[in-house]
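Quick note: the coordinates plus some simple rules give every number you see, no bench work behind them. Predicted, not measured: the structure shown is a model, and the values here were computed from it. Counting neighbours? That spans all protein chains shown, and the Cβs are built from the backbone with ideal geometry, glycine included.
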Amino acid sequence: MTAVTAAMPHSQPARRRRSRWWFAAAVVVVLAIGAGVSWWTGLLAGVTGRPHCVATALGQTTELDPEQAGNAATIAAVAVHRGLPGRAATIGIATAMQESKLRNLDYGDRDSRGLFQQRPSQGWGTVEQIMDPVYASNAFYDVLVKIEGYQNLPITTAAQQVQRSAFPSAYGDHEPAARILASALSGYSTASLSCVLDSPSGLAAQTPAENGLTARAARLAKAALAETGRQASASASSGAGSSGASSGGGSSSSGSGSDVARGTTVTFTVTGAEGRRLGWALAHWAVARAQGLDVVAVRTDGMQWRRDNGEAGWTATPSAPAAGTVTIQVG
């Protein structure tokens, strides 16, 4: 019988070519994944990346999209305004994370609506009221504060006594993220919440009204009063009218001293022993609500957040006011 011939002489080079091809393909995949991750986290050089907000507190970090961050800010702001402890804000945020994923839903199980999926048929209010995040947050806290010792209860127990959910254990899943957000948005963790956002587009220049503020700045002042309870500071030099808002020019988001937009900056001053903490609560609220309120810069306590440099987070700047004073600039 004829002996079997040896293997074909080109098999080894062929295997080497296939190996090189697989290696090259693997490198391309790794690079593509890396670029995707960089875009996703907003860190790719020169590229803003997807809009998102990040809070870092208590040694941990959590991330939300701007809509979710804005709603979390409202929930926390109402708690701060009412003088409630940080634990109340944690419970409120965790509950809304479970019920609506921090979105103001106009639908739900049966007649459930809003951030907390409250039901008009169960006495929570009208649909219109429940769809107002400030009203919904206050309605939630109205019940929470009546629970004896709620601050020391497990979050599942406290939230369940308010919500009467079919899945009470689910609230606990959101406690870590809610604690981070509550610490930042209540001002206990300073310079801890920042957002990477697209630049506001299509905003026409506005002429200040008799109160010294542009329409967008007046809308910001109104939202701050409704959500945080903070009245804009009066300023004798600003020519502020009935709103009492300081309409000092302030620099644009670019930080250029020569680029002053009249009536676009609103100033708030918080006094007292907790002025610094409450000032940071307001500053973080403004950053979290920046997308919805066209905010381009926030300054307090020697630091600033700028929308055109959101990746940098909070940075030190000599132009920022002292602790307890917060300036918020709109586009």
Practice problem: For segment 93-141, run through the chymotrypsin sites (Phe, Trp or Tyr not before Pro) and keep only the ones in DSSP coil with at most 16 other Cβ atoms within 10 Å of their Cβ. | Solution: Tyr107
Quiz item: Hey, what did segment 257-316 get for relative contact order, percent, Cα under 8 Å, at least 6 apart?
Solution: 18 percent
Exercise. From zero up to wherever the largest Cα-Cα distance of segment 52-189 sits, split into 10 Å bins and tell me the percent of pairs in each.
Key: 13, 48, 34, 5, 0
Exercise. Have a look at Gly92, Gln151, Pro133 and report the one farthest towards the positive end of the charge dipole of segment 52-189, computed about the Cα centre with Cβ charges (Lys/Arg +1, Asp/Glu -1).
Key: Gln151
Quiz item: What does the highest-first list of 87-96, 293-302 look like by mean Cβ count within 10 Å?
Solution: 87-96, 293-302
Self-check item: Shape category assigned to segment 102-157 from the gyration tensor of Cα positions, a/c cut at 1.5
Solution: prolate
